[in-house]
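Let me begin by presenting the structure, written as C-alpha cells, before commenting on it.
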Amino acid sequence: MKRPLKISSAVALTAGLLALAGCGGQETTATAQGGSSFGECEVTENPPTHKLSTIKEGVLTVAASLPFPAGYRGNTLESVDGGYMYCLDAEIANRAGLKKINLVNASFEALVTAKSSNFDFAVWDIYDTPERRKVVDFSTPYNTYGTGVLVKTGSGLAASTIKDATVGVLAGSVQLKYVQETLKPKDFRVFSSNDDLFNAVLAGQIDAALNDTATVMPRAASSGGKLEVVGAYPVGGDVAALFPKGSANVQVVDQILADMKKDGTLDAIMDKWLNPILGGDPGKLPDWAA
C-alpha cells in the first residue's frame with residue numbers, strides 16, 4: 001500500500017480538531033471568507049498562471065461533502081478558512097488567477113454518480129476508479145490512500161474475526177464494493193454520511209467502519225481514546241479532483257498540479273495541514289488483506 005505524501009510518524013494531533021462528518025444530499029453554497037487571502041492558506045506569490053474556464057467569472061466553484069473539518073476547517077460553509085483540501089483549492093485558484101472560492105455542498109454519492117454538476121471541480125479525497133470515470137472525469141492524483149478499519153478501542157476485532165462482524169461503509173464508496181465482493185462479512189450496513197458511520201461504531205450498532213485512512217485516522221485521533229484504527233486493507237488508491245464529464249478544465253488542473261509537485265507546494269500543503277491530524281503513519285498499520 002502506498003503512503004500519503006510525506007506522512008510523518010506519531011505526529012501530534014492538532015488541538016481542537018473537530019469530529020469529521022459528512023452531509024446529506026441537499027446542496028448549499030457559500031463564498032469563502034478572506035477575499036484574495038483564502039483564509040489562512042498561504043498561496044504562492046506570482047506563480048505561472050493557467051486559465052480555467054469557470055462557471056462564475058472570477059470565482060472558483062468547488063464542491064465537497066461538508067462539513068469535513070479536517071479538509072475544510074470551519075463549522076459552516078461561510079467560516080471555512082483552512083484545511084488541506086481547502087488550501088489545495090486555494091492554491092489551484094491562485095495559479096488560475098482567481099481571488100475567490102465558492103464552496104458547494106453536495107453528498108459524496110451525488111458527486112461520484114454525477115447527480116450534481118454545478119461546480120468547476122470537487123475535492124474531497126475521491127478515488128479515481130474506472131467505474132466513476134464512466135460519468136465523471138478526474139485530474140491526475142494529488143495523494144494516495146488505503147482503507148483503515150475503525151473500531152471502538154479495546155474491541156478485540158482482528159483480521160481473523162472481521163468476517164464474523166457487522167461492518168459499516170459509506171454509500172458509493174470503494175469500500176462498499178470491497179465488502180460486497182471480497183471481504184463478505186457476516187453483515188454490513190451502508191451509511192450516507194461519515195457522521196452516521198462513525199456514530200454507529202461508537203453506539204455499538206456496527207463492529208467496524210471501513211473508510212480511507214485519511215478519514216478514519218483523524219477521527220480516531222480526535223475521539224479521546226474511544227476509537228482506534230486497528231488495521232488496513234490495500235483498497236483505495238489515488239485521490240484526485242473530480243470534474244463534470246467533458247470538462248475543459250481537467251488538463252489545466254493537471255498542469256497546475258504538476259507545477260505544484262515540482263516546486264514542492266503540494267508536499268508543503270500536506271505537511272502543514274494533513275500530517276498533523278493523522279495521529280500516526282498509515283504505512284505502519286497492520287495489513288489485513290483478505
Exercise. Output the antiparallel fraction of DSSP beta bridges having both residues in the chain, as a percent to the nearest 5.
Key: 60 percent
Practice problem: Please give the contour-minus-distance gain from Asn75 to Lys115: 0.36 nm per residue of separation, less the Cα-Cα distance, rounded to one decimal in nm. | Solution: 11.9 nm
Quiz item: Which number comes out as Rg/Rh for region 70-160 once both Rg and the Kirkwood Rh are worked out on C-alpha atoms?
Solution: 1.04
Practice problem: Specify which residue in the list Gly172, Phe138, Asn46 is farthest towards the positive end of the charge dipole of the chain, using unit charges on the beta carbon of Lys, Arg (+1) and Asp, Glu (-1), about the Cα centre. | Solution: Gly172
Practice problem: Mind ranking 82-89, 115-122 by how tightly packed they are, going by the mean number of other C-beta atoms within 10 angstrom, highest first? | Solution: 82-89, 115-122
Practice problem: Please say if region 185-290 is rounded, prolate or oblate, where rounded means a/c under 1.5 for a ≥ b ≥ c the square roots of the C-alpha gyration tensor eigenvalues, and otherwise the choice is prolate for a/b larger than b/c and oblate otherwise? | Solution: prolate
Exercise. Would you mind checking the pairs Lys51/Lys100; Lys152/Lys272; Lys134/Lys261; Lys134/Lys262 and listing those with alpha carbons more than 18 angstrom apart?
Key: Lys152/Lys272; Lys134/Lys261; Lys134/Lys262
Quiz item: On the accessible surface of region 144-211, probed at 1.4 Å, how many percent belong to carbon and sulfur atoms?
Solution: 45 percent
Exercise. List the residues whose amide H sits under 5 Å from the amide H of Thr144, counting only those 5 or more places along or on another chain, with H placed 1.01 Å from N in the peptide plane.
Key: Leu5, Val239
Quiz item: Cα gyration tensor of region 153-225, axes a ≥ b ≥ c as square roots of the eigenvalues: rounded (a/c below 1.5), prolate (a/b > b/c) or oblate?
Solution: oblate
Quiz item: What does the accessible area per residue of the chain come to in Å², with a 1.4 Å probe and no ligands, DNA or RNA counted?
Solution: 41 Å²
Quiz item: When Rg is the radius of gyration of the Cα atoms in the chain and Rh is its Kirkwood radius, what does Rg/Rh come to?
Solution: 0.95
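The values are calculated or read from the model by the stated rules, or taken from the named source; none is laboratory data. Here the structure is a predicted model, which is why all the values come from computation and not from measurement. All Cβ positions, even for glycine, are placed from backbone atoms using ideal geometry, and neighbour counts span all protein chains on display. Note: accessible area is taken over every heavy atom of the protein model, side chains too, but ligands, DNA and RNA are not part of it. Shrake-Rupley method; radii C 1.70, N 1.55, O 1.52, S 1.80 Å.
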